[in-house]
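Asks: Have a look at the structure that comes next, please.
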Amino acid sequence: MAEQLNLFSSLGFEAPEPEPPPPPDKETQLKAIAEVCAVCTICELHTGRTHSVFSDGNPDAKVMLIGEGPGRHEDESGVPFVGRAGQLLNKIFESVGFNRQKDLYICNIVKCRPPNNRTPTPKEMEACFPYLDQQLELVKPEIIILAGSTAIKGLLKDQRSVTKIRGQWQKWRGIDVMPIFHPAYLLRNDSREVGSPKWLTWQDMKAIRERYEALQLTT
Ligand code: SF4
């Protein structure tokens, strides 16, 4: 390249601008954001964390699941949805043919564990939102699943509880959004009778799978 530039100059031409380097790929960008998140002190939640919990799954997935925030197991491991609720979540997704590592990108509204698993405050959710916003920008999901009322408030800014809007397709920046019960709630409500939270979640998962197939999404 240097020889070429010398040749241009010696012939009296203006040397062309060197080409800018290509932008970093999606995984590199997400990793860089996760590194910032790991040492973030923007809100008070950082004081009680062992690890910030950024994401799990496939950044190329077409389905993004967003939960509330890390619990004890997630804080210890640095991975979202790994406790009992996470195991139930895996089963729920497997029941409609989704593989957690291949078909989903999983994250939370807040990346640090709230003390005693309390609900994150609106201020904490707002402080943490830029991380989620960047994840959404880079992953570009075509279906977003919101697990529980906090995820609904955090993303849709909709104050209705999950019991009011679960099972009803919503839109966020043009993307299909399905609110479902949080798996921790399903652990506390074990009935599988028609109309029970587990039964309703099964209907919601079937609707998500149908939409996934209608949009011809594959990973
Ligand atoms: Fe930063 Fe989010 Fe953790 Fe608050 S919850 S300290 S904004 S990473």
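Asks: Exactly one of (1) within 16 Å of the ligand (Cβ to nearest atom); (2) within 25 Å of K26 (Cα to Cα) is unmet by Q101. Its number?
Replies: Checking Q101 against (1) within 16 Å of the ligand (Cβ to nearest atom); (2) within 25 Å of K26 (Cα to Cα), the one that fails is (1).
Asks: Within the range 21-72, which residues are in contact with a His (Cβ under 8 Å, 6 or more places away or on another chain) and of a type in the set (D, E, K, R)?
Replies: Once the filter is applied, which keeps residues that are in contact with a His (Cβ under 8 Å, 6 or more places away or on another chain) and of a type in the set (D, E, K, R), the range 21-72 yields only E68.
Asks: Quick one: is G174 more than 16 Å from the ligand (Cβ to nearest atom), within 21 Å of C37 (Cβ to Cβ) and among the small types (G, A, S)?
Replies: No, not satisfied.
Asks: Within the range 22-52, how many residues turn out to be closer than 30 Å to E213 by Cα and touching a residue at least 12 places away in the same chain (Cβ under 8 Å)?
Replies: Going through the range 22-52 one residue at a time, the tally reaches 4.
Asks: Keeping to the range 47-69, report how many residues are among the basic types (K, R) and either touching a Phe, Trp or Tyr at 6+ places or on another chain (Cβ under 8 Å) or closer than 8 Å to C107 by Cβ (or both).
Replies: Looking only at that region, the number is 1.
Asks: If you take the residues of the range 199-219 that are at pLDDT below 95 and surrounded by 12 or more Cβ atoms within 10 Å (Cβ to Cβ), which of them is farthest from the chain's Cα centre (by Cα)?
Replies: L215
Asks: Could you say which residue among N117, N90, N58 is polar (S, T, N, Q), loosely packed, with under 15 Cβ neighbours inside 10 Å and more than 13 Å from the ligand (Cβ to nearest atom)?
Replies: After ruling out the rest, the residue left standing is N117.
Asks: Another question, if that's okay. Looking at the range 61-72, which of its residues are away from the ligand (no atom under 12 Å from the Cβ) and either buried (at least 17 other Cβ atoms within 10 Å of the Cβ) or β-branched (V, I, T) (or both)?
Replies: A61, K62, V63, M64, L65, I66, G67, G71
Asks: On to the next question. Can you tell me which residue in the range 69-121 is modelled with the highest pLDDT, limited to those that are of a type in the set (S, T, Y) and more than 16 Å from H46 (Cα to Cα)?
Replies: The residue in question is Y105.
Asks: When you go through (1) surrounded by 13 or more Cβ atoms within 10 Å (Cβ to Cβ); (2) within 17 Å of the chain's Cα centre (by Cα) one by one for K171, which number turns out not to apply?
Replies: (1)
Asks: Here's something else I'd like to know. Select from the range 28-55 the residues that are part of a helix (DSSP H, G or I), hydroxyl-bearing (S, T, Y) and within 12 Å of the ligand (Cβ to nearest atom) and list them in ascending order.
Replies: Across the range 28-55, the qualifying residue is only T47.
Asks: Exactly one of (1) under 28 Å from E27 (Cα atoms); (2) among the charged types (D, E, K, R); (3) within 16 Å of the ligand (Cβ to nearest atom) is unmet by K123. Its number?
Replies: (1)
The values are calculated or read from the model by the stated rules, or taken from the named source; none is laboratory data. On a predicted model such as this, the values are computed, not experimentally measured, just so you know. FYI the Cβ positions are ideal-geometry reconstructions off the backbone, even for glycines, and counts take in every protein chain you see.
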